[in-house]
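Worksheet for the structure shown next.
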Amino acid sequence: MNIAIIYGGKSSEHEVSLKSASSIIRTIDKKHRLHLIGISKTGAWYLHDDAERERIIKNEKAVLKIKKDEAKRVTLIPGGGTKKGLKAGDEFLPTDAVFAVLHGRFGEDGTIQGLFEMADLPYVGGDVMSTSISMDKEKTKMIWDYSGLPIVPYIAIKKQDWDDPEKKKALLARAEKDLEYPLFIKPCRAGSSVGAGMVKNRTELLEQAEESFLWDNKILIEACIEAREVECSVTGNTKTIAYIPGEIIPTHKFYDYEAKYTDPNGAELKIPADLTESQRKTIRETAIKAYEALDLSGLSRVDFFIDKRTGKIYLNEVNTIPGFTSISMFPKMCGASGLPYNELIMHLIELAIDRFKTDRKLKTCRQS
């Protein structure tokens, strides 16, 4: 099989992507041909040779690098399909499936999914609509709330409203009245807790909001619940499977970027989570409902809060391309449920091909 692995990207999670893709490359059987496509931080795509694959396989600690070779710039060809959808220089790259291991903006937000649709290529993960909505935490919450699923109380604020003194004053008063301190502030369309923080008063709120607005033009202010953080892996197209939930026990103030990816002691990962059978059942069932409410396919990690005082379970957010590093929860939870890493990767690629074949049976015009 010819598989394109795409990594890097124009995202605050560029480095995380390099680590995730490195782990994936190590686990794919060498009988499969890989096209390693690195995306620079400015958005340029470059093909890398087999030597990079060998370097990653031989050294467990090695991380992918992006070499900017203009002779190997990669382009997508609209309508090119699996034989001519990708091209590096003058060479077409036959591709049975694409695994875009891109976290955050330009990877989980429907943009690259649209490119693959136009190029007529099978790809891992949700489609344009589902990934785009899932990237927007406000829109995700709106759909979950409409579907009767439990969400954390919130207020969404757009930059233009924040910049209007009268609207800003009203929004601050509303947040303090309806939600109360402490509050949690985060960008609406960013991942890995980038630009996020907890605040205990208005001064901190104003400072954190400005930081969050550096990453997105829309932010969320949420009630800050003293909670346990539980996650659940989900896979599937037409048949959805939720795996054994795991728990994040951070040593940091909250599960921030450093705790997730750079500090080996940033959090304890407990799989399975210490839950009652009833809690475990509720989380797995709710994860499936949350996934299906967003019309997701392929895979996602659904994150929850469990209020330490009341025991109430809330949906937090969903990640459509979760981390695949050596310490990432998504593959670990699948493994604990009996689906080891190497089989998981190939299962996701098979799901991508199956959905592609199903979608291509649909009519796109009245006359051929």
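The values are calculated or read from the model by the stated rules, or taken from the named source; none is laboratory data. Source: prediction; values computed, not measured. A quick note on method: Cβ atoms are made from the backbone with ideal geometry, for glycine too, and the neighbour counts reach across all protein chains shown. Only protein heavy atoms, including side chains, enter the accessible area calculation; ligands, DNA and RNA are left aside. Shrake-Rupley method; radii C 1.70, N 1.55, O 1.52, S 1.80 Å.
The set of residues in the stretch 306-328 being touching a Pro at 6+ places or on another chain (Cβ under 8 Å) and closer than 20 Å to Thr276 by Cα consists of Lys312, Ile313, Tyr314, Leu315.
Residues of the stretch 295-347 that are crowded, with 21+ Cβ neighbours inside 10 Å, at pLDDT 95 or above and among the small types (Gly, Ala, Ser): Ser297, Gly298, Ser300.
Among the candidates Leu121, Leu172, Leu179, Leu149, the residue that is closer than 27 Å to Arg301 by Cβ, open to solvent by less than 60 Å² (accessible area, probe 1.4 Å) and more than 24 Å from the chain's Cα centre (by Cα) is uniquely Leu179.
Can you find even one residue in the stretch 43-53 that is farther than 18 Å from Ala119 by Cα, at pLDDT 95 or above, in contact with a Leu (Cβ under 6 Å, 6 or more places away or on another chain) and among the small types (Gly, Ala, Ser)? Within the stretch 43-53, not a single residue is farther than 18 Å from Ala119 by Cα, at pLDDT 95 or above, in contact with a Leu (Cβ under 6 Å, 6 or more places away or on another chain) and among the small types (Gly, Ala, Ser). Applying the set (1) surrounded by fewer than 22 Cβ atoms within 10 Å (Cβ to Cβ); (2) under 25 Å from the mean Cα position of the chain (by Cα) to Thr95 leaves exactly one unmet item: (1). Looking only at residues of the stretch 183-234 that are at pLDDT below 95 and among the β-branched types (Val, Ile, Thr), we find that the one that is nearest to Ser130 (Cα to Cα) is Val194. Return the residues of the stretch 234-248 that are out of contact with any Leu (no Cβ under 9 Å at 6 or more places or on another chain) and of a type in the set (Gly, Ala, Ser); say none if nothing qualifies. Listed by number, the list holds a single entry, Ala242.
For every residue, the table says whether it meets (1) modelled with pLDDT of 95 or more; (2) open to solvent by less than 40 Å² (accessible area, probe 1.4 Å).
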{"site": "Arg73", "(1), (2)": "yes, no"}
{"site": "Gly79", "(1), (2)": "yes, no"}
{"site": "Lys84", "(1), (2)": "yes, no"}
{"site": "Phe99", "(1), (2)": "yes, yes"}
{"site": "Arg105", "(1), (2)": "no, no"}
{"site": "Phe116", "(1), (2)": "yes, yes"}
{"site": "Lys137", "(1), (2)": "yes, yes"}
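If you check every pair at least six apart or on different chains, which have Cβ atoms under 6 Å apart with a residue in the stretch 329-343 that is closer than 14 Å to Leu269 by Cα and part of a helix (DSSP H, G or I) first and a residue that is open to solvent by less than 50 Å² (accessible area, probe 1.4 Å) and of a type in the set (Lys, Arg) second? Cβ pairs passing all conditions: Phe330/Arg301. Here Glu231 meets each of (1) touching a Leu at 6+ places or on another chain (Cβ under 8 Å); (2) in contact (Cβ under 8 Å) with a residue 12 or more places away in the chain; (3) not hydrophobic (A, V, I, L, M, F, W, C) with one exception, condition (1).
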